[in-house]
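The values are calculated or read from the model by the stated rules, or taken from the named source; none is laboratory data. No experiment lies behind these values; they were computed from the predicted model shown. Cβ: placed from backbone, ideal geometry, glycine included. Neighbour counts: every protein chain shown.
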Amino acid sequence: MNGDAPRARHVAIIMDGNGRWAKKRRLPRALGHQRGVEAVRKVVRGARDLGLEALTLYAFSTENWRRPEEEVSDLMSLMKRFIVSDLDEFAEAGVRLKIIGNYQAFKPDVVELVEKAVERTARNSGTTLAVALNYGSQDEIARAASKAAAKGAITPETISAELDTADMPPLDLLIRTSGEVRLSNFLLWQAAYAEMLFTDVLWPDFTAEHLKAALNTFAARERRYGGR
């Protein structure tokens, strides 16, 4: 590795494996999602303590609507409880909450709760926690390209300026848990030159220590951006 070790500013995580975690233990799938929320708490605190500027979590994709209605309802209830229970801690810790994706498609009570949380933390200058809700990267790119075209030329720069993550640092590291090795329509544009890390750890078992280890792995890599 040449020069100083790279330092990650922005990490994104595809939080996968809640269902398999529960199945391995012969527990209801909903309990796996509950444990997944506990993992979110630990990792957000870890990201803050490790000095990350931004952490993006894939919470609910545009494809997740295909899941059984009861499971979608459970996920919405968990999300609401998480915001209510953890918002004070985030606000006091300087975490800025950001939503990417079309969260307005959710029920009005969810939309209102999300918007109030975003507004309450909008002036915080610590770690940005971006939560992808009803998010699909192809949809995001299409929206960004349409906005860029309405303003003039379509170039990589003008599209990047219209992405949901435009006000965040470039993506450095993308992690996926549970052993799956695919991006699942997540941050496709942003991941163009990001480092990838796939781990067999199921999301409910993922901790701040796993995040720290991932950052150490990132620091040992040589980023070439297409060069030699």
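Does His10 qualify as being in contact with a Pro (Cβ under 6 Å, 6 or more places away or on another chain), touching a residue at least 24 places away in the same chain (Cβ under 8 Å), at negative phi and not charged (D, E, K, R)? When the stated conditions are applied, His10 passes them.
Determine if segment 77-92 includes at least one residue that is within 23 Å of Gly17 (Cα to Cα) and of a type in the set (Asp, Glu). Yes, because at least one residue in segment 77-92 is within 23 Å of Gly17 (Cα to Cα) and of a type in the set (Asp, Glu).
Per this entry, Leu97 is counted among residues that are in contact with a Phe, Trp or Tyr (Cβ under 9 Å, 6 or more places away or on another chain) and touching a residue at least 12 places away in the same chain (Cβ under 8 Å). Within segment 119-140, restricting attention to residues that are among the aliphatic types (A, V, I, L, M) and buried (at least 16 other Cβ atoms within 10 Å of the Cβ), the residue that is farthest from Asn64 (Cα to Cα) is Leu129. Note on segment 188-198: residues that are surrounded by 14 or more Cβ atoms within 10 Å (Cβ to Cβ), out of contact with any strand residue (DSSP E or B) (no Cβ under 7 Å at 6 or more places or on another chain) and either closer than 22 Å to Ala22 by Cα or among the hydrophobic types (A, V, I, L, M, F, W, C) (or both) total 2.
Only one entry of Thr62, Thr165 meets the criterion of being surrounded by 13 or more Cβ atoms within 10 Å (Cβ to Cβ), among the polar types (S, T, N, Q) and under 14 Å from Gln190 (Cα atoms), and that entry is Thr165. Only residues that are aliphatic (A, V, I, L, M), under 19 Å from Ile175 (Cα atoms) and part of a helix (DSSP H, G or I) were counted across segment 10-41, and they come to 3.
Checking Glu209 against (1) part of a helix (DSSP H, G or I); (2) surrounded by 12 or more Cβ atoms within 10 Å (Cβ to Cβ), only one condition comes out false. Which one? Unmet for Glu209, out of (1) part of a helix (DSSP H, G or I); (2) surrounded by 12 or more Cβ atoms within 10 Å (Cβ to Cβ): (2). Against the definition (small (Gly, Ala, Ser), modelled with pLDDT of 95 or more and under 23 Å from Ala5 (Cβ atoms)), how does Ala213 come out, yes or no? Against the criterion (small (Gly, Ala, Ser), modelled with pLDDT of 95 or more and under 23 Å from Ala5 (Cβ atoms)), Ala213 qualifies. Whether any residue in segment 159-178 is closer than 28 Å to Gly32 by Cα and of a type in the set (D, E, K, R) is what I want to check. Yes.
Restricting the search to helices (runs of 4 or more DSSP H) fully inside segment 94-176 and requiring at least 1 residues that are at pLDDT below 95 and not small (Gly, Ala, Ser) gives 108-121. In segment 3-15, the count of residues that are in contact with a Lys or Arg (Cβ under 6 Å, 6 or more places away or on another chain), at pLDDT 95 or above, surrounded by 15 or more Cβ atoms within 10 Å (Cβ to Cβ) and within 20 Å of Ala130 (Cα to Cα) is one or more. Working only within segment 42-90, note down all residues that are under 16 Å from the mean Cα position of the chain (by Cα), over 19 Å from Glu115 (Cβ atoms) and in a helix (DSSP H, G or I). Residues satisfying the conditions are Lys42, Val43, Val44, Arg45, Gly46, Ala47, Arg48, Thr62, Glu63, Asn64.
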